[in-house]
Every structure is written in structure tokens, then in C-alpha cells.
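Encoded as C-alpha cells, the structure appears first; notes follow it.
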Amino acid sequence: MVAPTALLDANVLYPAGLRDLLLRLADRYLYAPLWTANIHAEWMRGLLADRPDIDASVLERTRAVMDGHFPDAVVTGYETLAATLDLPDPDDRHVLAAAIHGGADVIVTSNLRDFPAGRLAPHKVAAHHPDAFIAVLFEADPETALEAVRGHRAALRNPPRPAGDYLAVLERLELKRTVSLLRMHETAI
């Protein structure tokens with residue numbers, strides 16, 4: 001199986017837990033991630049607005065680490081394409097443009113209504129909720145996905161999380177299908 005290429009929308013990079021899990025799955029080569037400087041700016045701006053206690057330099061370091069670890073993930077040169085696209089929310093055109101220009105198979109987003117299948121199909125791009133996307137990756141290669149999940153859970157040291165608590169965190173991130181799959185492997189995570 002060829003690993004898909006996925007453009008990660010700002011709303012899936014905003015929650016640290018979801019961002020970290022998605023990046024760990026990419027680090028295991030289950031998919032190739034894509035994003036843009038504009039997508040980074042969007043999730044960082046939203047997080048700083050909601051959490052003024054977070055220092056912007058911390059998020060800037062996160063961005064730099066992401067870009068450094070996945071140097072092929074940063075899509076550029078898509079901007080002029082955005083003006084030619086039609087989506088329900090014109091502010092999302094840059095996301096589709098980056099997906100097309102970057103050769104993405106899928107846009108991973110929590111806002112599926114903003115990316116109707118009929119408008120994406122001509123560009124051979126689909127939109128998937130992060131739960132559906134992660135579940136597909138898990139079903140394609142359970143052992144590798146479990147390795148990523150184990151690493152994600154192990155990184156949560158302050159405080160450490162028992163497997164059941166970790167799954168509850170994923171449920172709060174709206175990853176119900178993923179959690180259902182992981183419950184069958186709870187002793188392995």
C-alpha cells in the first residue's frame with residue numbers, strides 16, 4: 001500500500017494532543033503530511049487568542065520543529081490557484097489550493113461541511129475528519145499505528161496517563177472510531 005499524502009488543516013493542528021498524534025503517525029510513514037505557512041499562522045493565532053497564557057515563542061518553536069522534521073511538508077507556490085477555486089467559505093480556498101498544489105490525496109479537517117465532496121472531486125482530493133483518517137491508517141497497518149499511539153501516550157508524562165484515561169482524552173478530541181479500534185488493543189498501548 002502506498003501511504004497517502006494529507007494536508008492538515010489548521011483545526012487539526014490547533015489541539016496539541018491531536019497534532020502530536022497525527023505527527024507521530026506521519027513519523028511512522030503511515031502518511032506524508034502537508035501544511036503551509038498560512039495554516040501554521042491560523043492555528044497559532046487561534047491558540048494564542050484562546051490561551052493568552054501561552055508564549056508565542058513556544059508555538060513558533062513547535063512550528064519550526066514541525067517544518068524541520070518534515071521538510072517536504074511545507075507547501076509553497078499555491079497562492080494564485082486559491083483565487084480560482086470555489087468553496088462555501090472563501091477563506092478555505094487556500095487549504096484546497098495547497099492540497100492540489102502539494103499533491104494531497106486528502107484534506108484532514110474537522111470542518112467537512114466547508115469542503116464538499118462535489119467541489120473536491122474534480123481535483124482528486126477528498127476531505128476526511130481526523131477520526132476517520134486515523135482509523136483508516138490504523139486499519140491499514142495496526143502494528144505501526146499502535147507504535148505511534150504508544151509513543152504518544154508515553155510522551156504524556158505530566159501527569160502519566162493510564163490507558164483508559166488516555167483513551168478518554170482521545171474521545172474528547174472527537175476520535176470515537178479511533179478509540180473504538182484502540183480499545184481492542186488497550187493492553188498494548
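Structural remarks
- Region 162-180, subset crowded, with 16+ Cβ neighbours inside 10 Å and more than 17 Å from the chain's Cα centre (by Cα), residue farthest from residue 5 (Cα to Cα): 163
- Only one entry of 95, 169 meets the criterion of being of a type in the set (Val, Ile, Thr), assigned by TED's automatic domain parsing to the domain that holds residue 32 and part of a helix (DSSP H, G or I), and that entry is 95.
- Residue in region 72-86 that is assigned to a loop (DSSP other than H, G, I, E, B), under 18 Å from residue 23 (Cα atoms) and not β-branched (Val, Ile, Thr) present: no
- Boolean, residue 120 is farther than 19 Å from residue 33 by Cα, crowded, with 19+ Cβ neighbours inside 10 Å and either out of contact with any strand residue (DSSP E or B) (no Cβ under 8 Å at 6 or more places or on another chain) or assigned by TED's automatic domain parsing to the domain that holds residue 81 (or both): no
- Of the residues 141, 114, the single one that is closer than 23 Å to residue 38 by Cα, modelled with pLDDT of 95 or more, of a type in the set (D, E, K, R) and surrounded by 15 or more Cβ atoms within 10 Å (Cβ to Cβ) is 114.
- Residue that is nearest to the chain's Cα centre (by Cα) [pool: residues in region 21-32 that are charged (D, E, K, R) and surrounded by 17 or more Cβ atoms within 10 Å (Cβ to Cβ)]: 24
- Check on residue 95, β-branched (Val, Ile, Thr) and surrounded by fewer than 20 Cβ atoms within 10 Å (Cβ to Cβ): no
The values are calculated or read from the model by the stated rules, or taken from the named source; none is laboratory data. Keep in mind that this is a model prediction, so the values were computed, not measured. Please note: Cβ atoms are built from the backbone with ideal geometry, for glycine as well, and neighbour counts cover all protein chains shown.
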